[in-house]
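Taking it in order: structure first as structure tokens, then the write-up.
The values are calculated or read from the model by the stated rules, or taken from the named source; none is laboratory data. Since the model is a prediction, treat every value here as computed from it, not as a measurement. For neighbour counting, all protein chains shown are included, and Cβ atoms are generated from backbone atoms with ideal geometry for every residue, glycine included. Protein only, heavy atoms only, side chains kept; ligands, DNA and RNA dropped before computing areas. Shrake-Rupley method; radii C 1.70, N 1.55, O 1.52, S 1.80 Å.
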Amino acid sequence: MKQIGLNNFQVRKHNKTLFMSLMWRHKQVSKSQLAQLSGLTIPATTKILDELIGEGKIVHSDVALSHRGVNGGSYQLPTVGPWTLCMCITPTRIEYQLADAQLVAQGDCRQKAIDAATPDALLKETEALWRQVCQQWPKKKINLALAVHGQVDPVTGVSQHMPQAAWKAPVELKYLLEERLGIEVRVDNDCIMLALAEKWLNRNQQSEFCVINVDYGIGSSFVINGEIFRGNLYGSGQIGHTIVDPLGRRCSCGRRGCLETVASLSAMKQAARSIDSAAPPLTNRELFALWQRGDAWIIDWVNQAAEAIGMSLYNFLNTLNINQIWLYGRSCAFGESWRQTIVRQIDFNPFDPRDSVKNRATNIHFGQLDRASQLLGIGYLYVENSVTA
């Protein structure tokens, strides 16, 4: 097979993409830091920086990041430009975090309870919240980045299936909101949001990892060679629909015995109803209170749920051999015993060297990013598009 090399233009484009990625990750860096991080010489670094400044993608600052040697200042992303309202939306709740042009959080992470029985109701709630934020910052152009549960087409911005919703038909979120608001809108899955947050905001992150979100449902997203893997149909990461019990309960997807039917918070609340059908539906807070009180049925269910998650991860790891997994979602409140039960299922993996010295063994840990940082992750959809432009 003929090998094709890179010409000077392609090398320069690659290096500029690398520099922009470093700028978005670190926000402000010196020339020497960029040279060290990129492995390029100071003259080569200078040339790339000059080109990026000429294109308006970065700016020079007089702020020195080191007091050693001659003060050459530093480089940063422009402070002017569109802001981004990052949202994670469901039919019952919207969480949101505003970010400036550098994707730095402005104000606190907030949430609003809603009751959207139709797609139009969800759109109206989203629009109203965006307009409310715009009123607080009248001089700013604020774009929108949406994280949505379920299968999403990130190119068209269509929510193809939202499991928590009363409706089953696809919803053209991007098109409809752009028409109503006159701004740019980006849409993707809520697990993609978590993966983007880990990729861009965890400076110690590896180039290959997986996030598992165990909440109302169970989803996952994985990064391979530094890139989010979505699949051609944008349905990758549906670990919640791996079958763990072929004769089990009917899942929202139509099949029986999916992981979500035995290990999600919604499954646990359904199990509580089966124990006492006359009792009102449990809230998440009530469910965790029962677990903390030590009720036998919930302790057993939590252990079975963790074992099922661990077994699904075991199959997943044997396929992709990714050794860093971050756990997110409200089920993480079940704590260390829940995590250890998941880990024990992975211990049976004969292909895991368990070599902690070389950091080759599978690491399953609770995610360390706070909720504001998690929400900011969906804003990096704009960054991923811009760094290669």
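Put the Cα centre of region 112-160 next to the Cα centre of region 172-247 and the gap is 17 Å. Per-residue ellipticity at 222 nm from helix content only, as computed over the chain with -39500 (n - 2.57) for each DSSP H run of at least four residues, stands at -13000 deg cm²/dmol.
Against the main long axis of the alpha-carbon atoms of the chain, helix 284-293 sits at an angle near 70°. Quotient of the Cα radius of gyration of region 117-171 and 2.2 N^0.38 Å, N being its number of residues: 1.30. With one equal scatterer per alpha carbon and no solvent term, the Debye-computed log10 I(q)/I(0) for region 99-249 at 0.09, 0.16 1/Å reads -0.33, -1.03.
Surface composition of region 147-299: carbon and sulfur make up 51 percent of the accessible area, probe 1.4 Å. Taking loop as defined by DSSP and a crowding limit of 14 other beta carbons within 10 Å, which trypsin sites (Lys or Arg not before Pro) in region 103-154 fit? Listed in order of number, the matching sites are LYS139, LYS141. Judged by the mean number of other Cβ atoms found within 10 Å, the most tightly packed of the peptides 260-269, 337-346, 224-233 leads the ranking 260-269, 337-346, 224-233. For the chain, the relative contact order comes to 14 percent (Cα pairs under 8 Å, sequence separation of at least 6). Mean silhouette area of region 1-60, derived from the convex hull of its C-alpha atoms and averaged over all directions, reads 4.8 nm². All other residues with a Cβ under 13 Å from the Cβ of ARG110 taken together, and with Lys, Arg as +1 and Asp, Glu as -1, what is their net charge? Once all neighbours under 13 Å are counted, the net charge is +1. For CYS191, neighbours were defined as the other residues whose beta-carbon sits under 12 Å from its Cβ, and their charges (Lys and Arg +1, Asp and Glu -1) total -3. Per-atom-type breakdown for region 25-129 gives carbon and sulfur 52% of the accessible area (1.4 Å probe, protein chains only). When the chain is described by a simple charge dipole with +1 on each Lys and Arg Cβ and -1 on each Asp and Glu Cβ, the residue from ASN213, THR319, ALA116 located farthest towards its positive end is THR319.
Taking the chain as a Gaussian network of alpha-carbon nodes connected by springs under 10 Å, the highest mean-square fluctuation of the residues GLU208, GLU307, GLU179 belongs to GLU179. Scaling against 2.2 N^0.38 Å puts the C-alpha radius of gyration of region 205-262 at 1.27. Would you work out the relative contact order for region 222-357, in percent, from Cα pairs under 8 angstrom that are 6 or more residues apart? In percent, rounded to a whole number, it is 18.
Each peptide in 113-120, 96-103 receives the mean, over its residues, of other Cβ atoms within 10 Å, and ordering these scores from highest gives 96-103, 113-120. Placing +1 on the Cβ of every Lys and Arg and -1 on the Cβ of every Asp and Glu, with nothing else charged, gives the chain a dipole about its Cα centre of roughly 620 debye. Computed extension gain for GLU179 through GLN206, at 0.36 nm per residue and net of the alpha carbon distance, reaches 5.8 nm.
Residues in region 107-192 average 50 Å² of solvent-accessible surface per residue, probe 1.4 Å, ligands and nucleic acids excluded. The listed residues THR79, THR84, once ranked by accessible area (1.4 Å probe) with the largest placed first, stand as THR79, THR84.
Rolling a 1.4 Å probe over the protein heavy atoms gives region 16-64 an accessible area of 49 Å² per residue. Each Lys and Arg adds +1 at its Cβ and each Asp and Glu adds -1 at its Cβ; summed about the Cα centre, region 128-187 shows a dipole of about 300 debye.
Relative to the longest principal axis of the Cα atoms of the chain, helix 119-136 runs at roughly 40 degrees. Using only Cα positions of the chain, each an equal point scatterer, no hydration layer, compute I(q)/I(0) via Debye at q = 0.06, 0.14 Å⁻¹ and quote the log10 values to two decimals. Listed by q, the Debye log ratios stand at -0.27, -1.29. The listed peptides 274-281, 35-42, ordered by packing as a protection proxy, come out as 35-42, 274-281 (highest mean of other Cβ atoms within 10 Å first).
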